[in-house]
Amino acid sequence: MPLFKPEKMVRVEINFPRRYIYEVTKIIAQIGYFQPEDISTIDNRKDPSEDGDLFETGSKLSGLKADLTTTMTKLDIPISDDVPGDLEMIENPDKVNNRLEIIKDEVHRLSLETEEIRKRIEEKQGALTLLQPFKDLEYDLSALRNRRYLYSILGIMPTNRIDRFRESLSQIPYVLLEEQQSNKKTQVLLLGPRNQRDFMILTARSAYVEALDIPDDAKGSLPEIIKSNELELEQLNENLALLEQQKIALQTKNASRLKKWYSQVQYSSKLYDIISYYGHLRHSFLVAGWVPAKKQDEFLDLLSNISPDVLETVKSENELDVNTTPPVALEFPKQLRGFHKLVTIYSTPWYKEIDPTLLVTFTFPLLFGAMFGDLGQGAVLAVAGLLLSSRKVKKLIGLANFGWVLTACGVASMIFGVLYGSVFGFEEVFDPIWISPLHDIMRLLITTLAAGAILLTLADILAIVNLVIRKDWVGMIFSGKGIAGLLLYWALIGFILSMVLPAFPIPKLVLIILIIVCVLMMMSAEFLDHLFHEKRPLFKGGFLLYFITAFFELFEIFISYLSNSLSYVRVGAFAVAHAGLSQVVMILAEMVSPVHGAGYWVVIVLGNLFIIGFEGMIVSIQTLRLEYYEFFSKFFRGGGIRYQPLHISDK
């Protein structure tokens, strides 16, 4: 697959009678390279409801899938979304649903009984938890119940709230018996008038009394009631175990059947989703979609094997309507996927333009390294990138593709670190091969300005190539993104250099004439485009309006030349700032420990970590800005449609 240009696509339209709908749908679903278009708005049927059974079946499948999911979840049967390619399509969901109902009823019964027993077990366990502190009290509850004038509350409360509890109860006659369990909890028995029952309950709650909720029919002492509850709990656990055994038996009996049904429903649902994209002609269905040109013959052979009544129409990119845009199919090795993601964050490449991923693979690390040049810090970034790309850090596995971006940036930083003579901020370890950013600032800034001009020239050349791909011949020659724009840019650079350098080889007059010619070409671009394509009027809005618009557009181009070029000066500025920040760390380390003790090295390590993390992030943002706003804006149109073919089978 080409790395600079998307794979060639063809548009295929398939016309077939209703009786072949399942065969055609299975083929386009299983081949794995057909991307359908939604043309369901095309409807030439006499009766729009004549294919209602298809949509009804799709709706029933959705309900059946929900029932299967619920049933399998209750039986603890794992659900897989993988769809084998050799399944049969379900054309009548009612048959499966009738068989499922029998299993559903049994599962529903088991679920209700299990839920009820679990609830009772939870209640018994809660009651026993409350009763345990009173296991040594030989109170006969029948002596406290059914008193005509007496009401009692037995429970546990925080020890530190006893006094406040007594104060609250002072409004009524009462008796409060206490038996301290610990420093934090105390057993209490509250006796009071029955006509003050509501007041006693509210007061007990406000004092955080955990009252015992013992059934009215419970008889005997508290130890006897505890023993009775323990026996009931044991019986409930036995009943729960029996229900679990029934559940396991039901699971074993039906697991394979339910899994098969689920896979069939999953498969069939996807097929009916595809059918919903189809257009309806008078007596047939219409399917439209995209196929890679290299797969065209294989796809047509599969369709022709169904029946001669299945008709195909193929249109190559040259036969497509002007407003029809093929999807963009691009594949990259894992080392380049992170760089491609940086491109798609900006926009998906358009079908008729160069994909800039390979260029970003070179320019992004180059710009980053120039701004973050340090041998040691770059090595840390490179190692971190390799670790990230290895997918061994599970929490960051979603960013694994960016590991190679980080590695490339780290390597570029190491290279520039050697050129700058810097390793972890130390500049005396070895001499710079090229320059020291802090000691040769002007030379560095001029170099980055020149490098920016080269990158902008590359962007202009790519813009010209894209115009050739789109066969926009007038724009290629006369527009600001064509040859005229490129010549004007370099004529302006040459004119500025001729003003600065007395020995500049090209005469100023030649440059001035070239600038005037390019300006006239660019101002006449729209007029020539209308003339070439026979568009009328030649001057939209009249000649005066055309001239004013062309003038201001030209002025905007001049401003963009200046701003885009000067933006690359920030590469040198950040290189100087990076070196300066490293020197600040060195000064702080010297202040902490002039004799280079442990404190000195702690500051060095922490300072380098700060530079790698914080400044590395800032430099990354600046690199993205240069790529997106200065480089991409010159040639990259974007707005493409991503190629996403159907993949229904796991084969």
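The values are calculated or read from the model by the stated rules, or taken from the named source; none is laboratory data. Bear in mind the structure is a predicted one, so any value in this text is a computation, not a measurement. Neighbour counts are summed over all protein chains in view; Cβ atoms, including those assigned to glycine, are modelled from backbone coordinates with ideal geometry. Surface accessibility is based on the protein's heavy atoms, side chains included, excluding ligands, DNA and RNA. Shrake-Rupley method; radii C 1.70, N 1.55, O 1.52, S 1.80 Å.
Things worth noting here:
- For region 35-90, diffusion coefficient by Stokes-Einstein and Kirkwood Rh (Cα), 37 °C, 0.692 mPa s, µm²/s: 224 µm²/s
- Couplings for region 345-355, taken from phi via the Karplus curve 6.51 cos²θ - 1.76 cosθ + 1.60 with θ = phi - 60°, read 4, 6, 4, 6, x, 6, 4, 9, 7, 6, 7 Hz in order; Gly and Pro are left as x.
- Pairwise alpha-carbon distances in region 226-276 exceed 14 Å for 71% of all pairs.
- Pairs of Cα atoms in region 541-651 fall into 10 Å distance bins, from 0 up to the last occupied one, in shares of 11, 21, 19, 17, 15, 11, 5, 1 percent.
- Overall Cα dimensions of region 1-99, principal axis frame, Å, largest first: 52, 45, 22
- Relative intensity of region 447-583 on a log10 scale, I(q)/I(0) at q = 0.09, 0.10, 0.14 Å⁻¹, equals -0.36, -0.43, -0.75, per a Debye sum over C-alpha point scatterers of equal strength in the absence of solvent.
- Between the helical axis of 222-275 and the longest alpha-carbon principal axis of the chain there is an angle of about 30 degrees.
- In this structure Thr70 has an accessible area near 70 Å², from a 1.4 Å probe over the protein heavy atoms.
- Those trypsin sites (Lys or Arg not before Pro) in region 1-60 that DSSP places in a loop and that have at most 10 other beta carbons within 10 Å: Lys46
- Equivalent ellipsoid of region 146-295: semi-axes from √(5λ) of the C-alpha gyration tensor, largest first, are 68, 25, 16 Å.
- Cα convex hull of the chain, projected area averaged across orientations, nm²: 53.2 nm²
- Region 320-441: Cα Rg divided by the 2.2 N^0.38 Å rule of thumb: 1.33
- With DNA, RNA and ligands ignored, accessible area of Lys508 (1.4 Å probe; Å², nearest 10): 90 Å²
- Exposure of Ile201 as accessible area (Å², to 10), given a probe of 1.4 Å and all protein chains: 40 Å²
- One way to sum up the overall shape of region 411-509 is the equivalent ellipsoid from its Cα gyration tensor, whose semi-axes run 37, 21, 7 Å, largest first.
- Spatially proximal lysines relative to Lys95 (Cα-Cα < 24 Å; intrachain offsets below 8 disregarded): Lys26, Lys60, Lys65, Lys74, Lys104, Lys253, Lys259, Lys260, Lys270
- Here the convex hull built on the C-alpha positions of region 508-586 has a volume of 142 cubic angstrom per residue.
- Burial order of peptide ranges 548-556, 640-648 (average beta-carbon count within 10 Å, highest first): 640-648, 548-556
- Whole-number D in µm²/s for region 306-349 (Stokes-Einstein; Kirkwood sum over Cα pairs; 10 °C, 1.306 mPa s): 114 µm²/s
- Distant-in-sequence amide H partners of Glu353 (H built 1.01 Å from N, under 5 Å): none
- Span per principal axis, largest first, for the Cα atoms of region 64-126 (Å): 52, 24, 13
- Region 622-637 and region 482-514: distance between their alpha carbon centers, rounded to Å: 25 Å
- Lysine pair count for region 288-424 (Cα-Cα distance under 26 Å; residues 8 or more apart in sequence or on different chains): 16.
- Stretchable slack from Phe551 to Gln180, in nm (0.36 nm times residue separation minus alpha-carbon distance): 124.0 nm
- Between region 418-472 and region 42-107, the Cα center-to-center distance that results, in Å: 61 Å
- Potential lengthening between Ile172 and Asp82 on full extension [0.36 nm per residue; Cα-Cα distance subtracted]: 25.3 nm
- Surface listing: Phe547, Phe478 arranged by accessible area from highest to lowest gives Phe547, Phe478, probe 1.4 Å.
- Estimated vicinal HN-Hα couplings, Hz - region 554-567 in sequence order (Karplus 6.51, -1.76, 1.60; Gly, Pro = x): 5, 4, 4, 5, 4, 5, 5, 4, 5, 5, 4, 5, 5, 4
- Note on Tyr149 and Trp490: the model spin-label points, each 7 Å out from Cα along the C-beta direction, lie 11.6 nm apart.
- Between the amide H of Gly640 and those of Thr348, Trp350, distances stay under 5 Å, these residues lying 5 or more places away or on another chain, with hydrogens modeled in the peptide plane.
- Heavy-atom accessible area ranking, 1.4 Å probe, most first, across Phe416, Phe339: Phe416, Phe339
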